[in-house]
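The values are calculated or read from the model by the stated rules, or taken from the named source; none is laboratory data. Since the structure is predicted, the reported quantities are computational estimates derived from the model, not experimental observations. Here Cβ is always computed from backbone atoms with ideal geometry, including for glycine, and neighbour counts include all displayed protein chains.
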Amino acid sequence: MALKTINPTTTKAWHKLNAHFKTIEHKHLKELFAEHTNRAHEMSISWDDFFVDYSKHRISKETLDLLIELANEVDLKDAMSKYFGGEVINQTEGREVLHTALRNPENAEVLVEGNNVMSEIFEVKHKIKDFANDIINGNIKGHTNKPFTDIVNIGIGGSDLGPAMVVDALSFYKNHLKTHFVSNVDGDHVNEVIKHLNPETTLFVIVSKTFTTQETLSNANTIRQWFLNHAPKDAVSKHFVAVSTNIEKVKAFGIDEHNIFPMWNWVGGRFSLWSAVGLSISLAVGFENFDTLLLGAHKMDTHFKTEDFDKNIPVITALLSVWYNNFFNAESEAVIPYSQYLNQFATYLQQGIMESNGKSVDRNGDAVDYQTGTIIWGEPGTNSQHAFFQLIHQGTKLIPAEFIGFSKSLHGNQDHQDKLMSNFFAQTEALMNGKSKEAVLEELNAQDLSEEKRNELAPFKVFKGNKPTTTILVDKLTPESLGKLIAMYEHKIFVQGIVWNIFSYDQFGVELGKQLANSILKELQDDNVINNHDGSTKNLIKHYKSLR
């Protein structure tokens, strides 16, 4: 087998961590800082334009040493070599996992079945560049000879979440083309998008590896019919392009073979924005910015591959996640970007992290008896401070949080940026230190309240603190820094999966619901078809059909 199968709970490091956990479980972060005055310096990583502070975690140097010992015992280095080397680490599907190859320089060598794939990667990149430049510059026009004004990406999952998130995150760098995303099979969704479009000046990008995905094809066919209500049939080839491997189905749809951008089986959907799936990104922000996004990701790849574990950003963040998930029994993690540009970032990470590591069977095919994937959620600050921060600060759950911020604003409004970042720094400090009853009473003493009222209010205003956070401070939100950030989380996913001894790159869990949906759809469309269901589902279907 390509990847070793080591149950983490059987390692010496895991047993040491269990014993160590009992000694540190109830220690307060304030106590840890008092014991180790140089903690902030020693528990931070400065790399390129990133500064990562993980000192506000409920760990000591011994914790970190033991977590790294765990990484070594599960042979993370060997797994990394196989990951980057193109071995079949997606073993259940018999595939390599090589999204990292898509951002390699042209002179690199990445072998798949003995063939260096870099030449075909760059052939596709050149095709994306030429096509995107021609659309942006108006050299390629619609069927009435008008330049394109709008781009609609039609996909779902990784074919939607990645490009949609990046286009949104890089909207400061956008050109004149308006970009839209259609994903949900909800007909109201697709109709809301197309009702404002001009069919003469809209380009549609259909993203589906197999060209059979129900949601994507339903939306594509609905849009095609809408388009043909305004244009002749031969105009389809001028307004629709595809990212797919199914050449025959794409051609049958009416798309010109020259407007098909290939995909590869060794790139998983949720890691595919670096491929031709990123065509909409290139169209929205220009190929140069797309290429710089890839460059940033490659820089993070190199950091991950070459840096020692104790200064390795993806390794440290992944091991901290394991520490909370498996020892503190913290089931979720919040991702809080202090930038409205990253409004879709947590949503994007939900697929990447939960689809990858939401597994209950190890690499031997045995049920695990320890926790694996974490629940990921979050929203941008400062909005989130007025929403769910109450739960993080004073709730009963332990929720480690990753704060992402940028030193420089893009539009240069320093007053706003200072207010934003003052909240960014204040929240991690508040989560760490909390507020004691003594401090609360001192504040209440300054108010015109009776002693009885002060004592009554005090318990409600106490913050225990000791809430762990990672601070990721980046110089500026650029295509390159965004590429680094996305790749950081990709590698974090990989490290977690190796430690937990699971296969991170299949997603069989999404299939059962799809199979049942296809069966139920036949029932909804044909009253003569009756399938077996539980009582609840049967009753729900009956009620739905009665109201249609």
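Could you list all residues from segment 400-421 that are of a type in the set (Gly, Ala, Ser) and either within 24 Å of TRP377 (Cβ to Cβ) or surrounded by 12 or more Cβ atoms within 10 Å (Cβ to Cβ) (or both)? Of everything in segment 400-421, those that are of a type in the set (Gly, Ala, Ser) and either within 24 Å of TRP377 (Cβ to Cβ) or surrounded by 12 or more Cβ atoms within 10 Å (Cβ to Cβ) (or both) turn out to be ALA401, GLY405, SER407, SER409.
Just checking, does segment 120-139 include any residue being of a type outside the set (D, E, K, R), in contact (Cβ under 8 Å) with a residue 60 or more places away in the chain and outside any helix (DSSP H, G or I)? No. For HIS180, the stated conditions hold: it is in a strand (DSSP E or B), touching a residue at least 24 places away in the same chain (Cβ under 8 Å) and over 19 Å from the mean Cα position of the chain (by Cα). In segment 1-13, of all residues being among the β-branched types (Val, Ile, Thr) and not in a helix (DSSP H, G or I), the one that is surrounded by the fewest Cβ atoms within 10 Å (Cβ to Cβ) corresponds to THR5. Per the listing THR428, THR396, the residue uniquely surrounded by fewer than 20 Cβ atoms within 10 Å (Cβ to Cβ) and either more than 30 Å from SER272 (Cβ to Cβ) or out of contact with any strand residue (DSSP E or B) (no Cβ under 9 Å at 6 or more places or on another chain) (or both) is THR396.
Taken over segment 127-175, the criterion of being surrounded by fewer than 16 Cβ atoms within 10 Å (Cβ to Cβ) and of a type in the set (Phe, Trp, Tyr) is satisfied by PHE172 alone.
Among the residues making up segment 273-308, a single one is touching a strand residue (DSSP E or B) at 6+ places or on another chain (Cβ under 7 Å) and either surrounded by fewer than 24 Cβ atoms within 10 Å (Cβ to Cβ) or modelled with pLDDT under 95 (or both): HIS303. Inspect segment 104-116 for any residue being part of a strand (DSSP E or B) and either within 25 Å of the chain's Cα centre (by Cα) or not hydrophobic (A, V, I, L, M, F, W, C) (or both) and give the result as yes or no. Looking through segment 104-116, at least one residue is part of a strand (DSSP E or B) and either within 25 Å of the chain's Cα centre (by Cα) or not hydrophobic (A, V, I, L, M, F, W, C) (or both). Looking only at segment 222-253, filter to residues that are within 20 Å of LYS209 (Cβ to Cβ) and aromatic (Phe, Trp, Tyr); which one of those is surrounded by the most Cβ atoms within 10 Å (Cβ to Cβ)? Once the filter is applied, the top-ranked residue is PHE240. Could you list all residues from segment 89-118 that are out of contact with any Phe, Trp or Tyr (no Cβ under 9 Å at 6 or more places or on another chain), within 23 Å of GLY483 (Cβ to Cβ) and among the acidic types (Asp, Glu)? Result: GLU109, single match. Is it the case, given these coordinates, that GLU257 is in contact with a Gly (Cβ under 7 Å, 6 or more places away or on another chain) and surrounded by fewer than 22 Cβ atoms within 10 Å (Cβ to Cβ)? Criteria not met by GLU257. Of all the residues in segment 351-382, those that are assigned to a helix (DSSP H, G or I), closer than 22 Å to VAL52 by Cβ and among the polar types (S, T, N, Q) number 2.
When residues in segment 44-71 are screened for being free of Cβ contacts under 8 Å to residues at least 24 places away in the same chain and out of contact with any helix residue (DSSP H, G or I) (no Cβ under 8 Å at 6 or more places or on another chain), 3 of them pass. Residues in segment 351-381 that are of a type in the set (S, T, N, Q) and surrounded by fewer than 18 Cβ atoms within 10 Å (Cβ to Cβ) were compared, and the one that is farthest from THR428 (Cα to Cα) is ASN364.
Figure legend. Inter-residue proximity from segment 214-228: first residues more than 16 Å from HIS196 (Cα to Cα), second residues surrounded by fewer than 20 Cβ atoms within 10 Å (Cβ to Cβ), beta-carbon distance below 6 Å, spacing 6+ or different chains. Indicated pairs: GLU215/VAL185; SER218/VAL185. Comparison of ALA346, ALA430 shows that the only residue that is in a helix (DSSP H, G or I), of a type in the set (A, V, I, L, M, F, W, C) and farther than 21 Å from VAL462 by Cβ is ALA346.
For segment 423-439, state whether one or more residues are among the β-branched types (Val, Ile, Thr) and in contact (Cβ under 8 Å) with a residue 24 or more places away in the chain. Yes, segment 423-439 contains a residue that is among the β-branched types (Val, Ile, Thr) and in contact (Cβ under 8 Å) with a residue 24 or more places away in the chain.
Residues LYS22, LYS16: which one is surrounded by 15 or more Cβ atoms within 10 Å (Cβ to Cβ), part of a helix (DSSP H, G or I) and basic (Lys, Arg)? Only one candidate qualifies: LYS16.
Candidates ALA242, ALA235: the one that is within 30 Å of ASN265 (Cα to Cα) and in contact with a Phe, Trp or Tyr (Cβ under 9 Å, 6 or more places away or on another chain) is ALA242.
Just one of the listed residues (PRO400, PRO380) is under 22 Å from THR347 (Cα atoms), touching a helix residue (DSSP H, G or I) at 6+ places or on another chain (Cβ under 9 Å) and free of Cβ contacts under 8 Å to residues at least 60 places away in the same chain, namely PRO380. Can we say GLU442 is modelled with pLDDT of 95 or more and either part of a loop (DSSP other than H, G, I, E, B) or not assigned by TED's automatic domain parsing to the domain that holds GLY157 (or both)? So GLU442 fails the test. Total residues in segment 33-77 satisfying the condition of being in a helix (DSSP H, G or I), of a type in the set (S, T, N, Q) and crowded, with 16+ Cβ neighbours inside 10 Å: the figure is 1. Put simply, of ASN528, ASN539 the only residue that is in a helix (DSSP H, G or I) and surrounded by fewer than 13 Cβ atoms within 10 Å (Cβ to Cβ) is ASN539.
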